[in-house]
Amino acid sequence: MKFRKVKLYLSFRCRLLIFALCISIIPIVTTTAIYYINTRNIMERQILEHLKSIAESKRSHIISYIEAKKVRTVDFSSDGFIKNRLERITSNGFKKNEVISLNRHLALNKLPLHRYLIAIAVVDKFGKVVASTNEKLIDKDMSKEDVFIQSMGKVFGETTVGQPHHSPYLVANCIFISAPIISLNRTKTLGVIINAYSFAEINEITTDRVGMGETGEVYLVNRDKIMLTESRFIDDAPFKQIVDIKPVQETTVTDKHLCSIYADYRGVPVISAALDIREYGWTLLAEIDKAEAFAPLKRLGIIALIFGAVGASTVTSLGIIFAISTSKPINILTNATLKLAGGNLEYRARIPRNDEFGKLANSFNTMAEKLARVINDHLRAEEKLTRYAAELKRSNEELQHFAYIASHDLQEPLRMISSYLQLIERRYKNKLDADANEFIDFAVDGANRLQTMINALMEYSRIDTHGNPFALVDCNIVLKRALTNLKIAIAESSAVITSDSLPTVMSDGSQLMQVFQNFIGNAVKFRSNKPLHIHISARQDVNEWLFSVRDNGMGIEPQYNERIFTIFKRLHGRECPGIGLGLSICKKIVTRHGGRIWVESERQNGSIFYFTIPTRGEKQA
């Protein structure tokens, strides 16, 4: 049974299409990542809004609770029986029967009105407890307590809310609410009534954690950064646990919600909404552990990671396949070109394919055959040229090794290729097809560009070896020479060039002129639509002169400030002249002088090129 050989080669167009499809995977991966991030942000906002609503609800509930207790306290202070008995006790001196009667009235008629009301105390105007439902409070001096002092200065209907605390007399966490007791004729303040409420009811408000998951909690903190209500995670936390966190500090200066992510009193990252209950000096915090809040994102994150990894692997694999299938015939053609350029006129590119690369190889082989016929007629001349080049190499090797390599091993074959290709084009213009003519044009253009780069490299390499000795040079004269060389370009651009008085420095005048000329020429070449203004200045630092060339041209993106000084690195396409060597030459010249060079620039905001020349006792011109 015979099997047909499967052709695995696709056309170049098809491979480009496959590559484009691979590239399309990247936006999918990017979109997935963006979706993940957006989902996380949306979830965070939803959680914060949920916590804000919980915090607002709890605050309203607590304030309503306190307000109700304040109304109850005012109601007690207006009780005629209490007023009458207190007035008798304070005006006629201590009477045991009056005190017993008042205590019984408080215990039977007032205390049962609220299950969290744990004690009532009637205090005379001197701060002494004259009657109470709790015997331990009777005769206690409360003259220095805030709830007494503030209430004595208030009128009927006003109250004072004390800070929550643990009372050793009542053996409970409680909060005192007081109101002044005004005489029946409303002429004087007889004393103060103090209601002691258990803080357990407020704890019930904050510990109602419906809708807050497994780690959510709400708690109160006072101005001393002490937790007032129960913690979900720490036993016996009220009035003992320190809560020194950022929201507690910030809520004292704003009435707005403060929502943030931070480490709570346990050191665990949480998402929180904080509110200040300013009238009572408390901060209310609604928190939930960050890990629990973002738990639903974990699965989505894993899926996104897997999808991204698969997409990246697919793109990489197909990219490698594309690179191999494309680079192999290119390498074959490159090697064939080198063999042909090296004189092996019998060498042919063997690419058994029917796609564009196969056609290109056939065209190359056809061209090579025609070149072989032409070149064979000039072998003697080539041999003489080769011998002459070898002799030239031996004579110049010790004097200038690099210049020899550039001028002979690289440039001469390029000139030969370009010359013979042009000769073929002239002689066989009507004999070659359009593809062959186009190939010749490509080859000639590449050879010419490489020739230009080699010449520039030679110039670059000779900066150190062919420079003039350093001498005192007037930089004003050097600048004038550079401007003279650029006179036509400056006139065409209508550039305005100004300069400060420049110093006399020890340097190579020709190379220094080249630096000025490159900087000014680049400013003219890459100018913006604004009228061009270039300013040259210099100032003396401790051990060097700092020169600057400032322009208002199109500027450079900051990320390219280092790259532009690298050899052959260009920021513009071939539509702009040059090969990207000018600033590299400037850098090497400045380095030869022992200085530094850099640029400060922003896109569309112009550039300032700086360079330094070390001082050697020169005087300013």
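The values are calculated or read from the model by the stated rules, or taken from the named source; none is laboratory data. These numbers come from a predicted model, not from an experiment. A quick note on method: Cβ atoms are made from the backbone with ideal geometry, for glycine too, and the neighbour counts reach across all protein chains shown. Keep in mind that these areas ignore ligands, DNA and RNA; they rest on the heavy atoms of the full protein, side chains included. Shrake-Rupley method; radii C 1.70, N 1.55, O 1.52, S 1.80 Å.
If a/c stays under 1.5 just call it rounded; otherwise compare a/b with b/c (prolate if a/b is bigger, oblate if not). Do that for region 64-170, with a ≥ b ≥ c from the square roots of the Cα gyration tensor eigenvalues.
It is rounded, given that a/c, with a ≥ b ≥ c, falls under 1.5.
Could you list, in their original order, any pairs among LYS339/LYS359; LYS144/LYS246; LYS58/LYS290; LYS530/LYS587 whose Cα atoms are separated by more than 23 Å?
On the way: LYS339/LYS359 19 Å; LYS144/LYS246 33 Å; LYS58/LYS290 21 Å; LYS530/LYS587 28 Å.
Too far apart for the 23 Å limit: LYS144/LYS246; LYS530/LYS587.
Over the heavy atoms of LEU333, what accessible area does a 1.4 Å probe trace out, to the nearest 10 Å²?
Counting only protein heavy atoms, LEU333 exposes about 20 Å² to solvent.
At 1.4 Å probe size, put PHE307, PHE439 in order of accessible surface, largest to smallest.
On the way: PHE307 95, PHE439 50 Å².
Largest to smallest exposure gives the sequence PHE307, PHE439.
Ordered by residue, what ³J(HN,Hα) values in Hz, to whole numbers, does region 499-512 give under the Karplus form 6.51 cos²θ - 1.76 cosθ + 1.60, where θ = phi - 60° and Gly and Pro are x?
In residue order, the calculated couplings are 7, 7, 5, 9, x, 9, 10, 8, 6, 8, x, 5, 5, 5 Hz.
First check a/c for region 485-571, with a ≥ b ≥ c the square roots of the eigenvalues of its C-alpha gyration tensor; if it is under 1.5, answer rounded, and if not, answer prolate when a/b is larger than b/c or oblate otherwise.
Oblate, because a/c is 1.5 or more while a/b does not exceed b/c.
Skipping prolines and chain starts, which residues have an amide H placed within reach, meaning under 5 Å, of the one on ILE181, given they are 5 or more residues away or on another chain?
LEU190, GLY191, VAL192, ILE193
Could you work out how far the C-alpha centroid of region 579-609 sits from that of region 199-230, in angstrom?
64
Suppose R0 equals 22 Å. What FRET efficiency, 1/(1 + (r/R0)^6) with r the Cβ-Cβ distance, do ASP236 and HIS165 give to the nearest 0.05?
FRET efficiency, ASP236 to HIS165: 0.90.
Leaving ligands, DNA and RNA out of it, rank ARG40, ARG350, ARG59 by accessible area with a 1.4 Å probe, largest first.
Numbers: ARG40 70, ARG350 170, ARG59 45 Å².
So, going from the largest accessible area down, we get ARG350, ARG40, ARG59.
Name the long-range amide H neighbours of LEU258: under 5 Å, sequence gap of 5 or more, or other chain; modelled H, no Pro or chain starts.
ALA274
Given a Förster distance of 56 Å, report the FRET efficiency between LYS328 and LEU300 from their Cβ-Cβ distance, rounded to the nearest 0.05.
Here the calculated transfer efficiency is 0.85.
Order THR187, THR314, most accessible first, counting only protein heavy atoms with a 1.4 angstrom probe.
Largest accessible area first, the list is THR187, THR314.
Kindly report, to the nearest 10 Å², the accessible surface of THR615 as traced by a 1.4 Å probe over protein heavy atoms only.
Accessible area, nearest 10 Å²: 40 Å².
Taking Cα centroids, how far is region 31-100 from region 483-511 in Å?
Comparing the Cα centres of region 31-100 and region 483-511, I get a distance of 80 Å.
Suppose every Lys and Arg Cβ carries +1 and every Asp and Glu Cβ carries -1, with no other charges. What dipole size does region 110-260 come out with about its Cα centre, to the nearest 20 debye?
640
Can you classify region 56-110 as rounded, prolate or oblate using the Cα gyration tensor, where a ≥ b ≥ c are the square roots of its eigenvalues, rounded means a/c under 1.5, and otherwise it's prolate if a/b beats b/c and oblate if not?
prolate
If ligands, DNA and RNA are left out, what is the accessible area of GLU49 with a 1.4 Å probe, given in Å² to the nearest 10?
The accessible area comes out at roughly 110 Å².
Taking amide hydrogens as modeled 1.01 Å from N in the peptide plane, which residues meet the under 5 Å criterion relative to LEU532, leaving out close sequence neighbours?
VAL496
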